[in-house]
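Undergrad: My structure is below; once you've seen it, I'll send some questions.
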Amino acid sequence: MQVAILCGGLGTRLREETELKPKPMVEIGHKPILWHIMRLYSHFGHNDFVLCTGYKADVIKQYFLNYQYHSQDIEIDLKTSKVTKLDHSEEFLPWTIRIQNTGIHTLTGSRLKRAMRYIDDDIFLATYGDGVANIDINAVIRHHRDAAKLATVVAVRPSSRFGELALDGDTVTSFNEKPQTGSGWINGGFFVFSKSIFENLPDDDAITLEEGVLQKLSDAGELSVYRHEGFWQCMDTQREMNLLEEYWQSDNAPWKLW
């Protein structure tokens, strides 16, 4: 199943890191957080990616164009311009990656709308390019099919500054983006979508995924929820980046299922 990843935001809360690169390229354990997210999906057999880029899109393009050189020791002969790989320690990754520039200021719902030109399947996966979790992706897909709704959102239980979900059984009844106070389940940023949702959106840059898509789906009773009780962490701040790095360096990264 194809995976669309939102990679185009400015990452203003991590400005020291994102002055020269987009937030999905901020490194955890010497690898971009985007790589960690893609490894999670790949672990469950989903290797066809559409990267919805915007801010500093060329950094993402250059990384994957030169992926093997980034990942291995190399020898460069400047006289002949010959490049030789000195080791083959990097595991082969069977990824197909479509990198689409969806615009610097385009909002998240509009980015996914633009990505539909590269989405071939009637159902696809989507996530943000700045959060990791130990989610069983295939369990989410099974839940989505059983729920028979247009979309599924993964709900998690961290701090209350994210979009809070009111639930009735396996259906989302209200989607309150970033409440001032509250507790309980929040939007974890991992989704299963029917392609028709985005094909029917108007062609403009100003549609948010949260209010422009998820809120309307919840109002219509078409947003199913998969509750994830395990690890989840986004990377909005320097503190959160340091926390993820500590997990990785201690060889105790909960999202490393591969």
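Undergrad: Listed highest first by mean packing, meaning other Cβ atoms within 10 Å per residue, what order do 28-39, 49-60 come in?
TA: The most tightly packed comes first, giving 49-60, 28-39.
Undergrad: For LYS31, go through the lysines and keep the ones whose alpha-carbon is under 28 Å away, minus same-chain ones fewer than eight residues off.
TA: Partners within reach: LYS21, LYS23, LYS56, LYS61, LYS82, LYS85, LYS256.
Undergrad: State to the nearest 20 debye the size of the charge dipole of the chain about its Cα centre, where the only charges are +1 on K and R beta carbons and -1 on D and E beta carbons.
TA: Computed charge dipole of the chain: roughly 280 debye.
Undergrad: A follow-up question, please. Note down the relative contact order for region 21-130 as a percent, whole number, built from C-alpha pairs under 8 angstrom at least six residues apart.
TA: 34
Undergrad: Further question: Stretch ASN200-GLU240 to full length: gain in nm at 0.36 nm per residue minus the Cα-Cα span?
TA: Contour length minus Cα-Cα distance gives 10.8 nm.
Undergrad: Okay, moving on. Filter the chymotrypsin sites (Phe, Trp or Tyr not before Pro) in region 64-111 to those in DSSP coil with at most 13 other Cβ atoms within 10 Å of their Cβ, and list the result.
TA: Values: sites: PHE64, TYR67, TYR69, PHE92, TRP95; in loops: PHE92, TRP95.
Filter output for region 64-111: PHE92.
Undergrad: Explain nothing, just the number: relative contact order of the chain, from Cα pairs under 8 Å at least 6 residues apart, as a whole percent.
TA: Details: 504 pairs, mean separation 61.4, N = 258.
Over the chain, the number comes to 24 percent.
Undergrad: Taking only Cα atoms, what is the 0 to 90° angle, nearest 10, from helix 33-43's long axis to the longest principal axis of the chain?
TA: 80
Undergrad: Kindly rank 229-240, 106-117 from highest to lowest mean number of other beta carbons found within 10 Å of each residue.
TA: 106-117, 229-240
Undergrad: For region 8-41 and region 216-233, what is the separation of their C-alpha centers, rounded to whole Å?
TA: Value for the Cα centre distance between the two parts: 24 Å.
Undergrad: Reported to two decimal places, what Rg/Rh ratio describes region 2-249 when computed on Cα atoms with Rh from the Kirkwood expression?
TA: 0.98
Just so you know, all these numbers are worked out from the coordinates, no wet-lab data involved. Note that the structure is a prediction, hence the values are computed from the model and not measured. Cβ atoms come from the backbone with ideal geometry, glycine included; neighbour counts cover every protein chain shown.
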